[in-house]
Amino acid sequence: DETREILLYSRRDFVWISGFDSPEQYEFWAAWVTPTDPGVEALIRAAAEYSDSGMMTNGYGGIQNDDEGKVWNRLEALWEAEQNDYRLTYISTMMAFGPNTVQRIRLPAEVLDQSSGNCIELAALFASAAEALELETAIIRIPGHAYTAVRMDAENANYYFIETTMVGQSSFADAVSYGKSEWEEAQPHFEANETGYAWVTIQEMREKGILPIPWK
């Protein structure tokens with residue numbers, strides 16, 4: 001017989017694991033993007049009330065650069081539901097315990113239940129809803145911060161950059177305008193492959209085998 005001590009982390013603990021370089025570490029954020037969580041599905045249902053059609057369709061449907069505003073309309077509807085139905089706002093709480101470097105990241109359903117989240121939590125929530133709608137989604141990491149990008153169509157590399165921490169305080173248009181300026185400022189650093197910058201495309205991470213953390 002043998003007795004030994006083991007440490008169990010909770011599923012909301014993001015542990016920085018040795019053996020991975022910095023961009024690879026951030027790829028594991030995709031596990032916190034949970035498109036099939038019932039809480040995320042409820043958010044999308046609430047968002048339908050704010051869409052022009054009263055519905056929430058999925059995919060791109062052959063549009064080019066969102067020339068008809070169909071992607072924008074769905075994303076703005078999600079934003080309105082987050083603000084009005086869930087009363088989301090930015091609150092930064094990251095405390096976690098463990099022998100390694102650990103950051104607490106609440107799952108999207110927890111963010112909805114608690115009406116608050118920090119930058120990565122709010123970014124993961126918005127990315128979860130966008131992925132559920134079959135829109136290509138990315139989480140962008142810059143030093144000390146994270147926000148969301150959603151592709152405008154299936155062919156061109158044009159994106160809406162969304163500063164998700166502005167939820168509860170600003171319009172969707174303002175959040176996109178601010179997100180675009182953040183990306184324009186960060187883009188030279190990405191092109192130079194500087195440390196601390198990462199672009200995590202959720203669909204690519206799924207192909208790598210990084211799947212959503214199971215919901216409750």
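The values are calculated or read from the model by the stated rules, or taken from the named source; none is laboratory data. What you are looking at is a predicted structure, and each value in this text was computed from that prediction instead of being measured. Neighbour counts are summed over all protein chains in view; Cβ atoms, including those assigned to glycine, are modelled from backbone coordinates with ideal geometry. Protein only, heavy atoms only, side chains kept; ligands, DNA and RNA dropped before computing areas. Shrake-Rupley method; radii C 1.70, N 1.55, O 1.52, S 1.80 Å.
What the table shows:
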| quantity | calculated |
| --- | --- |
| Spin-label zone in region 188-212 - amide nitrogen under 20 Å from a point set 7 Å from the Cα of Trp16 along the C-beta vector | 190, 193-200 |
| Relative contact order %, region 1-78, counting alpha carbon pairs below 8 Å whose residues are six or more apart | 24 |
| Exposure rank, largest accessible area first [Ser92, Ser170; 1.4 Å] | Ser92, Ser170 |
| Under-5 Å amide H pairs with Phe14, H placed in peptide plane, nonlocal only | Gln103, Arg104, Ile105 |
| Label selected from (i) 21.2, 66; (ii) 17.4, 68; (iii) 17.9, 56, the criterion being Rg and Dmax of the Cα atoms in Å as computed here | (ii) |
| Fully extended contour minus Cα-Cα distance, from Thr195 to Leu211, at 0.36 nm per residue | 3.2 nm |
| Sites Glu5 and Glu155, calculated FRET efficiency, Cβ-Cβ separation with R0 45 Å, nearest 0.05 | 0.25 |
| Angle in degrees between helix 38-48 and the longest Cα principal axis of the chain, rounded to the nearest 10 | 20 |
| Nearest 10 degrees, 0 to 90: helix 172-191 Cα axis against the chain principal axis | 60 |
| Mean accessible surface per residue for region 13-61, computed with a 1.4 Å probe while every protein chain stays in place, in Å² | 49 |
| In order through region 26-31: 3J(HN,Hα) via Karplus (6.51 cos²θ - 1.76 cosθ + 1.60), integer Hz, x for Gly, Pro | 5, 4, 5, 4, 4, 5 |
| Cα principal axis extents for region 28-93, largest first, Å | 39, 30, 21 |
| Check: region 1-97 dipole with +1 on Lys, Arg Cβ and -1 on Asp, Glu Cβ, in debye | 200 |
| Other-chain or far-sequence residues with amide H under 5 Å of Ile91's (modelled H) | Gly117, Asn118 |
| Dipole in debye (nearest 20) - the chain, about Cα centre, beta carbon charges: Lys, Arg +1; Asp, Glu -1 | 560 |
| Computed helical MRE - 222 nm, the chain, DSSP H runs ≥ 4 contributing -39500 (n - 2.57), nearest 500 | -11500 deg cm²/dmol |
| For region 12-23, 3J(HN,Hα) per residue [Karplus equation, 6.51 cos²θ - 1.76 cosθ + 1.60, θ = phi - 60°, Hz, x = Gly/Pro] | 8, 8, 9, 9, 7, 9, 5, x, 10, 6, 4, x |
| Ratio of Rg to Rh over region 113-182 (Cα coordinates, Kirkwood Rh, two decimals) | 0.95 |
| Approximate spin-label separation Glu184-Asp113, in nm, with each point projected 7 Å along Cα-to-Cβ | 4.1 |
| Residues with amide H under 5 Å from that of Thr148, placed H, sequence gap 5 or more | Ile140, Ile162, Thr164 |
| Accessible-area composition of region 79-216, carbon plus sulfur, in percent [1.4 Å probe] | 48 |
| Dipole in debye (nearest 20) - region 16-71, about Cα centre, beta carbon charges: Lys, Arg +1; Asp, Glu -1 | 180 |
| Size of region 65-190 as Cα extents on the principal axes (Å, biggest first) | 49, 37, 25 |
| Farthest toward positive dipole pole in the chain [+1 Lys/Arg, -1 Asp/Glu at C-beta], among Leu8, Cys119, Tyr26 | Leu8 |
| Cα-based helix-to-principal-axis angle, 119-132 vs the chain, degrees rounded to 10 | 60 |
| For region 192-204, Karplus couplings with θ = phi - 60° (6.51, -1.76, 1.60), whole Hz, Gly/Pro x | 8, 6, 6, 5, x, 10, 8, 10, 10, 7, 4, 5, 5 |
